[in-house]
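Structure, as structure tokens:
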Amino acid sequence: MKKKIILGLLCLIVAASCIACNNSSKTESEVVTYDPMDNWKDYKVDPRGKYPAESTATGETKPQIVETTYDTEEVVVADIIPTEMGYAVDPTGQTDSTDGIQAALYDCFAAGGGTVYLPAGNYVVTDTIYVPSYVTLRGDYQDADEGTDYGTVISIWADSKDSTSEGTFDMSGCSGVIGVTVYYPLQSLYEVIPYPYAFYLAQGTDGRVVTLKDITIINGYRGIGTQYEENHECLMIENAKGTFLETGFGLNNESDVGHFSDITISSKYWLEASKDYMNKPTEYAINTHMKEKTTGFLITDIDWPTFHNIKVDGCAYGMTVKKGYRGYFVGEMIDVEITNCTSAIRIEATDERWGSIISRAKLEGEIVNVSKGVLKLTDVTHEDELKEFVEGSVSFEDYDLSSYDIKFNTTYKKPKSNLIIVDLKESIRLDASVQIQKALDEMGAQGGGVVYIPGGNYRLDNPITVPAGVELRGASSVPNREQNSYPAGTMFMCYYGDDANVNPDTDQALVTLNGDYAGISGIRFIYPENGVDDTDLKTTYTIRGKGKGVYAVNCFILAAGYGVDFRNCDEHYIEQIYTCCWFNTYRLGGKDGVIRDCVQNGNMVTRTNAEGLPEDWPEESEMKDRVTLPILVKYVENVIVEDAVNQQIIGVFAYATKRTIVNRNSTGTLAANVGSDWLEQGVFFTQDGGDMTVINSMQAFGTSYDCIKGKLTMYNRITIDEPHERFEEVEK
């Protein structure tokens, strides 16, 4: 297809104006002694062997706050705005923007990671775009359930190809796409055109922690897919919706926890599309096609995923589960509506040692389970017969869970749209804490805003304090963790608080969120001198809150003795933090706190390419003998809820702990969609005063619970080799 296209048939979307606010103050830095960027700053090749086109862009980033047309949960900081910086992108949809978008993504990666922002408009894409690690492509998003102006639209004019092993956007590890609407101008029901997935986890790209959020696909053939033969981990899909002609979501070969929430598949997104879009089908035609041809979710071997608020309407198959390349699906779901489908759920293969669990669901269509694994259903209405199933493979428990208000969609309070950029030179030998603290204090004096640390590897020898209403922000606007390759993003090498005589309960944390609504986002913390062979694994807490509404999101903590301390912090919020802490990961208290979608796993230690680690840092093959057995199962208490009221623990997973969730003298604690793997001699739930309710839990080995005192109520739980556990309530 030609690289220059005149779209006579496509009505244009007028690009929304973009107001960039940059109240920046730069601080001077000391002389740099080491620049790890030198090894890869000229990286210009993607897995397809293609290079970005020449343009007038300088390749430099210009971090600034973007005032979007449509509301966002967070302040949007853009490192590159291609429409304003000389890249070959066209928001009017008259010419091809593929090479310009690709060039901007590469330049952002080469600068250390960050966000490439496409303002509202219509952007033509004709070939695959590769999103590098630690880079997010972001648009201005109008939710299709709230309007049909859409904001940032990607019009895919690529050649037809019936492939399930590629996508228009190939995603690498720790990359993201947020806030775009996808449309296929050539697609119609007169002649259905096959396409690969719109978004795909690419092979050979270290696919750990990929985020797809606020995505609408108006008339997709295939929506979001993952590689079949090469595994990935921790995929997050949030608020994704669309109309699909073949498959909505093809989820394969995930070897660690994924989180999928607020996903809707329906014919409505094409039927109700703006009149500006051509080839809109009749209601009868699209509904007939989907009822005969479309699979909402095609699931194979994904391990421990959590699903919430899933809606599939009018498909041949709502969910189909098959055997995968590596193994079988086991997962947990809550708040599911599969309506008007010929088959609601069809399970052809799953792990016969246990299976999957669903709570609070409405299922219309056949339920089929021809595997020996168990499908456990609690508070589920079903309006069809069980058509095929192995005896004992479908289990119902009739409890009413409607009164439990699980806060899946809560978030933190967004700071003011003020920005200070801390212009640090990279060095793992020179302390950056003084410059960072100066910027934080200045922002506090302004009444709040964002202090932004661009991508790089920096050293902290001293603690820092974040004032009330201030957010300390790194380069990643999506969840991120260490990878085996690609050293980008904002990373702190931490040397403070790693002493033999440290008292984690009372000594100052590395980062103190010192006031109401102070927060931290998008930063990785590594303790290079607290490795597995250290004689004393203690440190201070990495992050401590002192105030109402403090928050920590999209962060990574590695080799800390202690992670996040939010005791006595009402309405605290924690989301998408990846960790390997040695003693305690989260210590939570106060009223109405929420922690969601967090993972603790020893593989965080062994899968890192961070500069500055000692030579004897453990390899992945050494994880069991050097990390799991001598440390994690012996010491780790992952989540401790202490003197709290109405604490919620949602989508939290831990691998190899002594105790996974401890509820101590706390009332109204609610855990949902939680998992604990490789417990061995450990305990999943410890109830020690007050009360805790659990809805949906998955466990491998170990002891399910230890009720010392108080009340523990557990709905819809499943344990490997003990799949027929029932509801249990214990009170002492």
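Bear in mind these aren't lab numbers, they're just calculated from the coordinates by the rules spelled out. As the structure is a computational prediction, the values presented were derived from the model and not from experiment. Counting neighbours? That spans all protein chains shown, and the Cβs are built from the backbone with ideal geometry, glycine included.
Quick look at the values:
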quantity: Across LYS293/LYS362; LYS268/LYS293; LYS161/LYS280, pairs whose alpha-carbon gap is larger than 18 Å; calculated: LYS293/LYS362; LYS161/LYS280
quantity: nm² value of the averaged projected area, convex hull over the Cα atoms of the chain; calculated: 28.3 nm²
quantity: For ALA671, distant residues with modelled amide H under 5 Å away; calculated: ILE649, THR693, VAL694, ILE695
quantity: Whole-angstrom gap from the range 544-592 to the range 264-313, using each part's C-alpha centre; calculated: 37 Å
quantity: Separation of the PHE701 and ASP533 label points, Cα + 7 Å toward Cβ, nm; calculated: 2.6 nm
quantity: Fewest-first sequence of ASP313, ASP256, ASP706, ASP140 by Cβ atoms within 10 Å of each Cβ; calculated: ASP706, ASP313, ASP256, ASP140
quantity: Sorted by Cβ neighbour density within 10 Å, fewest at the top, the residues ILE650, ILE420, ILE543; calculated: ILE420, ILE650, ILE543
quantity: Dimensions in Å of the range 419-635 - Rg and Dmax from alpha carbons; calculated: 16.1, 50
quantity: Gyration tensor verdict on the range 625-732 (Cα atoms; rounded if a/c is under 1.5, prolate if a/b is larger than b/c, oblate otherwise); calculated: oblate
quantity: Distribution of pairwise C-alpha distances over the range 346-502, 10 Å bins, in %; calculated: 9, 23, 17, 12, 18, 18, 3
quantity: Candidates per chymotrypsin sites (Phe, Trp or Tyr not before Pro) in the range 297-328, loop by DSSP, up to 16 other Cβ within 10 Å; calculated: TYR325
quantity: Close Lys-Lys pairs in the range 419-635, where close means Cα under 29 Å and separation is 8 or more or interchain; calculated: 12
quantity: Amide hydrogen neighbours beyond the local backbone of LYS548, cut-off 5 Å, H modeled; calculated: ASP516, TYR517
quantity: Overall form of the range 673-729 per C-alpha gyration tensor (a/c, 1.5; a/b vs b/c); calculated: oblate
quantity: Total charge dipole magnitude, the range 419-635, about the Cα centre, Cβ charges on Lys, Arg, Asp, Glu only, Debye to nearest 20; calculated: 520 debye
